[in-house]
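Chemist: Sharing a structure, written as C-alpha cells. Questions coming.
The values are calculated or read from the model by the stated rules, or taken from the named source; none is laboratory data. Computed from a prediction, not measured in an experiment: that's the story for all the values here. A quick note on method: Cβ atoms are made from the backbone with ideal geometry, for glycine too, and the neighbour counts reach across all protein chains shown. With ligands, DNA and RNA removed, areas are computed over all heavy atoms of the protein, side chains included. Shrake-Rupley method; radii C 1.70, N 1.55, O 1.52, S 1.80 Å.
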Amino acid sequence: RRLPYHGTIAMHVPSSRVEAVTKALLDFSAIARVDTISAANGKVRLQAVPRDGAPAAPQLASLIRTRMIEVEEVMVQRGNLDEVFRKITTSDDGAGHA
C-alpha cells in the first residue's frame, strides 16, 4: 500500500499562473486532481495527483513543454522514512509489524 503522496508531482508556479496551470493539468487525462500545498513570495506549490496511482511524470513533462506552461520546479514526490515508520506503527495495517 502506497503513502498518500508517493508518486504525486509537485511544482512551483508563479501565483499569477495558478489557475491556468491547474486547468491545463486537469485537462490532462492522467491527472486525477491538483492540490494547492502552499503559497509564499509570489509562488504557489501545486501537487498533481496521478489517476489510479499510475506514473505520469514523463507525460506531464511533455505536456508542460508542448503547452509552454510556466513552472519553476517540478519533482516527483517519494515517501520518506518518517512517513513509512508512522504508517507502519500507527495504522491497523501495521499492527504486529513493529
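Chemist: What is the number of the single condition among (1) more than 15 Å from the chain's Cα centre (by Cα); (2) open to solvent by 70 Å² or more (accessible area, probe 1.4 Å); (3) at pLDDT 80 or above that residue 59 does not meet?
Modeler: Among (1) more than 15 Å from the chain's Cα centre (by Cα); (2) open to solvent by 70 Å² or more (accessible area, probe 1.4 Å); (3) at pLDDT 80 or above, residue 59 violates only (1).
Chemist: I need the full set of residues from region 1-20 which are modelled with pLDDT of 90 or more and in contact with a strand residue (DSSP E or B) (Cβ under 8 Å, 6 or more places away or on another chain), in order please.
Modeler: Matches in region 1-20: 12, 13, 14, 15, 18.
Chemist: Which one is modelled with the lowest pLDDT, of the residues in region 62-82 that are open to solvent by 90 Å² or more (accessible area, probe 1.4 Å) and within 27 Å of residue 14 (Cβ to Cβ)?
Modeler: By that ranking, first place goes to 78.
Chemist: Scan region 18-30 and report the pairs whose first residue is within 14 Å of residue 52 (Cα to Cα) and whose second residue is open to solvent by less than 40 Å² (accessible area, probe 1.4 Å) and of a type in the set (S, T, N, Q), with Cβ atoms within less than 9 Å and a gap of 6+ or a chain change.
Modeler: none
Chemist: Taking the condition among the aliphatic types (A, V, I, L, M), assigned to a strand (DSSP E or B) and open to solvent by less than 50 Å² (accessible area, probe 1.4 Å), does residue 13 pass?
Modeler: In short, yes.
Chemist: Being among the aromatic types (Phe, Trp, Tyr) and either open to solvent by less than 100 Å² (accessible area, probe 1.4 Å) or modelled with pLDDT of 80 or more (or both) is true for just one of 28, 85. Which residue is that?
Modeler: One residue alone meets the criteria, 28.
Chemist: If you don't mind, another one. Are any residues in region 3-23 touching a helix residue (DSSP H, G or I) at 6+ places or on another chain (Cβ under 7 Å) and among the hydrophobic types (A, V, I, L, M, F, W, C), and if so, which ones?
Modeler: Of everything in region 3-23, those that are touching a helix residue (DSSP H, G or I) at 6+ places or on another chain (Cβ under 7 Å) and among the hydrophobic types (A, V, I, L, M, F, W, C) turn out to be 3, 9, 13.
Chemist: Just give me the residues in region 24-34 being assigned to a helix (DSSP H, G or I) and over 18 Å from residue 73 (Cα atoms), in sequence order.
Modeler: 26, 27
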